[in-house]
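Reviewing the structure listed below.
Where a number appears in this text, it was derived from the coordinates with a stated rule and is not lab data. Everything numeric here is computed off the predicted structure, so don't read it as measured data. Here Cβ is always computed from backbone atoms with ideal geometry, including for glycine, and neighbour counts include all displayed protein chains.
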Amino acid sequence: MDATRRTWRNTTHDWAATVDRDHLSHIRLSPDVFAPGGVRHLVLEVVAYAADEAECNGGGRCVVTLHRDGSVSVADDGRGTDTRLDAQGLPVKKPVMATKDLRFFDLPDAHLLPDGRPRRGMSVVAALSEWLVHTNRRRNGAWTQRYEHGVPATGLEPVAHDGTTGTVVHFRPDRSLHAAGRPAAGDLTGLAEAWPYLVVEVEDRRAG
């Protein structure tokens, strides 16, 4: 472990951690608890981060895309996930996917999402997805990383920087979660109205 990472202040996640397998397994053992309502709840967990960014920036936008293969992507125009350089000059992304969100996960009075269920963080989405690809664009660079059930399947891979900032979280929920029903585009748009700083567009590409 790079000593520099131990000095970074923990606000939302533990910078000294990389993967909390016990935490991810705990989520996977109780999908009904952590994803009540199935896929729709996972979408709201992701959009909540876009809403955080929008509120910090005085406004923002995200696009939720429902894909034909059952996957969902959420793209926002925020600052991107915090990514820093360690003592060796290597990029380190805040471990939002594979560790718990310290603000929400174990707190009995955690914020409620628009579906009335507790917000627990992005690790819930990663743990309950067959795969998840996080593409992250910051002013100091851009990277992508793939996860399988919350565990990194690749390293942090650089991608071409196009001058924009923001994140794209593309995930395919476990098939078991689809039993709760396919989320309707109109329903997702309505639920997102709870975040006044965020404009949400929903694209449904499942037909045809």
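Can you give the % of DSSP beta bridges in the chain that are antiparallel, to the nearest 5?
On the way: 32 of 39 bridges.
The antiparallel proportion sits near 80 percent.
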Full-stretch length increase - ALA153, GLU193 - with 0.36 nm per residue and alpha-carbon distance subtracted | 11.0 nm
Scattering from the C-alpha atoms of the range 1-119 alone, worked out with Debye: what is log10 I(q)/I(0) at q = 0.10, 0.15, 0.18 1/Å?
-> -0.37, -0.83, -1.16
Along the dipole axis of the chain (charges at Cβ: +1 for Lys and Arg, -1 for Asp and Glu; origin at the Cα centre), the most positive-end residue among LEU112, CYS56, MET122 is MET122
In a Debye calculation with equal point scatterers on the alpha-carbon sites of the range 68-148 and no solvent, what is log10 I(q)/I(0) at q = 0.11, 0.19, 0.24 Å⁻¹?
-> -0.37, -1.01, -1.29
Amide N of the range 154-193 lying under 16 Å from the label point, which is placed 7 angstrom from the Cα of ARG205 along Cα→Cβ = 168-173, 185
Based on DSSP H runs of at least 4 residues, each adding -39500 (n - 2.57), what is the mean residue ellipticity at 222 nm of the chain after dividing by all its residues, to the nearest 500 deg cm²/dmol?
-> -6500 deg cm²/dmol
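Would you mind calculating the gained length between SER176 and ALA87 on full extension (0.36 nm times residue separation, minus the Cα-Cα distance), in nm to one decimal?
Working: separation 89, 0.36 × 89 = 32.04 nm, distance 4.24 nm.
Extra length from SER176 to ALA87 when fully extended: 27.8 nm.
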About the Cα centre of the chain, how large is the charge dipole given +1 on each Lys and Arg Cβ and -1 on each Asp and Glu Cβ? Please answer in debye to the nearest 20.
-> 340 debye
Cα centroid separation, the range 137-177 to the range 60-134 (Å) = 10 Å
What base-10 log of the normalised intensity I(q)/I(0) is obtained for the range 134-182 from the Debye formula, alpha carbons as equal point scatterers, at q = 0.16, 0.17 Å⁻¹?
-> -0.56, -0.60
Among the trypsin sites (Lys or Arg not before Pro) in the range 105-208, which ones are in a DSSP loop with at most 14 other Cβ atoms within 10 Å of the Cβ? Mind listing them?
-> ARG139, ARG205, ARG206
Given R₀ = 45 Å, FRET efficiency for HIS161-ASP109 by Cβ-Cβ distance, to 0.05?
-> 0.65
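Given an 8 Å cut-off on Cα distances and at least 6 residues of separation, report the relative contact order of the chain as a percent. Working shown, then result.
Numbers: 436 pairs, mean separation 58.4, N = 208.
Relative contact order for the chain comes out at 28 percent.
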